[in-house]
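The values are calculated or read from the model by the stated rules, or taken from the named source; none is laboratory data. Since the model is a prediction, treat every value here as computed from it, not as a measurement. Quick reminder, even Gly has a Cβ in these numbers, built from the backbone with ideal geometry, and neighbours come from all protein chains shown.
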Amino acid sequence: MSRIYLSKRAKDFIDAADDSGNIRNDRKGLLYVNAIDNACKVAGITTGAVYLFAGKDTGDLSISHKFNFLDLIDSDSAFRMTFPNGVTYNNLGVKFSTSQYGDTKLVPYTDLEDSNISLSFYRTVASQNSGGDDLRSGFGNNILLRGQRTTLPGGINTQINYVGHDNVGFILSSKTATEFFAICKNIVNTTALSNPQVTRLLYSFYLGACNDGQNHTVLNFTGAGYGFCHISTGMSSQQAIAFSHLITAAQRAYRGV
């Protein structure tokens, strides 16, 4: 059997996130972490947050699923994901009910300096709410990445994303209507700086719901399951295409979906 060569970043993640060998002793898990690490290198992702939700349920997934791959400190300042209303952990990642969500602790206005913001998520379980928000900060047409069931050109039955502000293009993997990978780039955060709604960007991204900074409430739960999520800056169109393919391949190889 061939050896798997891991970068220091990948090894550090495994040291932090592994519990009872649920990543370290699983060859598929090691390959998955390595694949995500390589995808981030290709896309130039060095800041923000990347959530792998790695680990088999032979260990404590509440440990394995919370860490931000880019900053392994177990604290809110490192964008460790928290689950205020609880979550179901399993081998497909994290699964939310229609009242649950993940809080990334990453605030777009203060934590993302670049105007080219990129967001992505990979669903492993279909949404229970067609109006739910997959990855959102703010109210109205602020920063949002949402999955919608539709038929793309070529008859691919998949889902498409929508985002507020000055977006430039979408990159989608071919998926079924249940699970998919969606990524958006060039969300221009700076266009909101002269907008009265800018104060609504002072709230962190939620996965699986909307963080309504205006009314300080949680809205639009998806009730979906997720195998991956990222929030970062500076991704080119070419990098987004490559990133999409690499993440999709990694999820299918690791989770089978």
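Quick notes on this structure:
- Residue match in region 21-31 (condition: part of a helix (DSSP H, G or I) and closer than 25 Å to Arg136 by Cβ): no
- Residue identified as part of a helix (DSSP H, G or I), within 16 Å of Gly55 (Cα to Cα), within 16 Å of the chain's Cα centre (by Cα) and among the small types (Gly, Ala, Ser) among Ala240, Ala250: Ala250
- Candidates are the residues of region 182-206 that are in contact with a Phe, Trp or Tyr (Cβ under 6 Å, 6 or more places away or on another chain) and at pLDDT 70 or above; the one that is farthest from Phe243 (Cα to Cα) is Leu202.
- Subset of region 96-135 that is more than 14 Å from Gly223 (Cα to Cα) and among the small types (Gly, Ala, Ser) - its residue that is surrounded by the fewest Cβ atoms within 10 Å (Cβ to Cβ): Ser115
- The residues in region 211-237 that are within 17 Å of Ile45 (Cα to Cα) and assigned to a strand (DSSP E or B) can be counted, and the count is 6.
- Of all the criteria given as (1) of a type in the set (A, V, I, L, M, F, W, C); (2) modelled with pLDDT of 95 or more; (3) not in a helix (DSSP H, G or I), the one not satisfied by Ile36 is (3).
- Sole exception among (1) touching a helix residue (DSSP H, G or I) at 6+ places or on another chain (Cβ under 8 Å); (2) modelled with pLDDT under 80 for Asn167, by number: (1)
- Filtered residues of region 25-43 (kept if charged (D, E, K, R) and buried (at least 18 other Cβ atoms within 10 Å of the Cβ)): Asp26, Asp37
- Tallying residues that are in a loop (DSSP other than H, G, I, E, B) and basic (Lys, Arg) within region 71-96 yields 1.
Quick grid of which residues meet (1) touching a strand residue (DSSP E or B) at 6+ places or on another chain (Cβ under 7 Å); (2) closer than 30 Å to Leu202 by Cα; (3) among the small types (Gly, Ala, Ser):
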{"position": "Asn25", "(1), (2), (3)": "no, no, no"}
{"position": "Ile45", "(1), (2), (3)": "yes, yes, no"}
{"position": "Leu52", "(1), (2), (3)": "yes, yes, no"}
{"position": "His65", "(1), (2), (3)": "yes, yes, no"}
{"position": "Phe69", "(1), (2), (3)": "yes, yes, no"}
{"position": "Ala78", "(1), (2), (3)": "yes, yes, yes"}
{"position": "Gln100", "(1), (2), (3)": "no, yes, no"}
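- Among the residues listed as Val94, Val42, Val50, the single one being of a type outside the set (D, E, K, R) and touching a Gly at 6+ places or on another chain (Cβ under 9 Å): Val94
- Condition met for Gly59 (at pLDDT 95 or above and assigned to a loop (DSSP other than H, G, I, E, B)): no
- Qualifying residues in region 207-233 (those that are more than 14 Å from Gly102 (Cα to Cα) and touching a Gly at 6+ places or on another chain (Cβ under 6 Å)) - the one modelled with the highest pLDDT: Ser232
- Selected residue (only one of Thr46, Thr82 is loosely packed, with under 15 Cβ neighbours inside 10 Å and at pLDDT below 95): Thr46
- Residues located in region 60-79, provided they are small (Gly, Ala, Ser) and either surrounded by 14 or more Cβ atoms within 10 Å (Cβ to Cβ) or closer than 18 Å to Gly208 by Cβ (or both): Ser62, Ser64, Ala78
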